[in-house]
Amino acid sequence: RVALGKRYQSGEVDAWTYAEMLFNGFSFGVEELETFLKTIDLDPGALSLLDWCASRSIPFKILSDGFDFNLEALQRIHDVRFDFIANQLRIEDGIWSIRPGGRNPNCDCGTGVCKRAIVEARRKEAPLECIVHIGNGRVSDRCGAEAADVAFAKETLAEELTTRGVPFRPFETLLDVVESLNSGWA
């Protein structure tokens, strides 16, 4: 893993290739993964954000460079529902097999789910819609935040957008996002 991390840091492999090399053939069973996922809490404002969107008939979708298996399990664990696009994870006899959920060779993000491509596709479907992106990852969220009309950012995404001069609204939890949305946010 350390050697692979160095290859990723040097730019020899992109984010998706790194994930493939790390996780294809990974030995970690369903029960162990679900036990781990039960330790993950939702952001304190997750339910408030989902309710805010639902009460206004605003489409909400999680764009994740993680795995569909995890998002499906988290929905069951926390008794919540949301649409999502993610990479695919299949586990047979404890061995992982992964597939990208939406690579984009025209974007430099190098992820399995290019969020820029999804934002741009949504913009073509609904050109008058204001597209909001909420994220925290320098690699997986940058291109989506750049393509959105409004970006909320924290952690390494906030650092990256600051470096690039891309405007964003900082947040700590999704409660901050809901508060901003309630106050007019644009």
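In the set (1) of a type outside the set (D, E, K, R); (2) surrounded by fewer than 17 Cβ atoms within 10 Å (Cβ to Cβ); (3) touching a helix residue (DSSP H, G or I) at 6+ places or on another chain (Cβ under 9 Å); (4) modelled with pLDDT under 95, residue 2 fails one condition alone, (3).
Quick one: is residue 120 more than 11 Å from the chain's Cα centre (by Cα) and either of a type in the set (Gly, Ala, Ser) or closer than 24 Å to residue 38 by Cβ (or both)?
So residue 120 fails the test.
For the range 107-116, give me each residue that is part of a loop (DSSP other than H, G, I, E, B) and open to solvent by less than 30 Å² (accessible area, probe 1.4 Å).
Initially, the range 107-116 is screened for residues part of a loop (DSSP other than H, G, I, E, B), giving 107-112, 114.
Result: 107, 109, 110, 111, 112, 114.
Here 38, 61 are screened, and the one residue that is open to solvent by 50 Å² or more (accessible area, probe 1.4 Å) and in contact with a Lys or Arg (Cβ under 9 Å, 6 or more places away or on another chain) is 61.
Please specify each residue of the range 2-25 satisfying the condition of being of a type in the set (D, E, K, R) and in contact (Cβ under 8 Å) with a residue 60 or more places away in the chain.
Filtering the range 2-25 for residues of a type in the set (D, E, K, R) gives 6-7, 12, 14, 20.
Result: 14, 20.
Of everything in the range 134-162, what is within 18 Å of residue 85 (Cα to Cα) and touching a Leu at 6+ places or on another chain (Cβ under 8 Å)? Give them in sequence order. It would help to see each step written out before you state the result.
Filtering the range 134-162 down to residues within 18 Å of residue 85 (Cα to Cα) leaves 134-137, 139-145, 147-148.
Scanning the range 134-162 gives 134, 135, 136, 137, 141, 142, 144, 145.
It is to be established whether one or more residues within the range 119-126 are touching a residue at least 12 places away in the same chain (Cβ under 8 Å) and in contact with a Gly (Cβ under 9 Å, 6 or more places away or on another chain). Yes, the conditions are met somewhere in the range 119-126.
The sole residue among 104, 70, 136 that is at pLDDT 95 or above, open to solvent by less than 70 Å² (accessible area, probe 1.4 Å) and over 30 Å from residue 179 (Cβ atoms) is 104. If you go through the range 9-24 and keep only what is more than 19 Å from the chain's Cα centre (by Cα) and either open to solvent by 50 Å² or more (accessible area, probe 1.4 Å) or of a type in the set (Phe, Trp, Tyr) (or both), you end up with 9, 10, 11, 12, 21, 24.
The values are calculated or read from the model by the stated rules, or taken from the named source; none is laboratory data. Since this is a predicted model, take the numbers as computed values, not measurements. Note that we place each Cβ from the backbone using ideal geometry, even for glycine, and neighbour counts take in every protein chain shown. Protein only, heavy atoms only, side chains kept; ligands, DNA and RNA dropped before computing areas. Shrake-Rupley method; radii C 1.70, N 1.55, O 1.52, S 1.80 Å.
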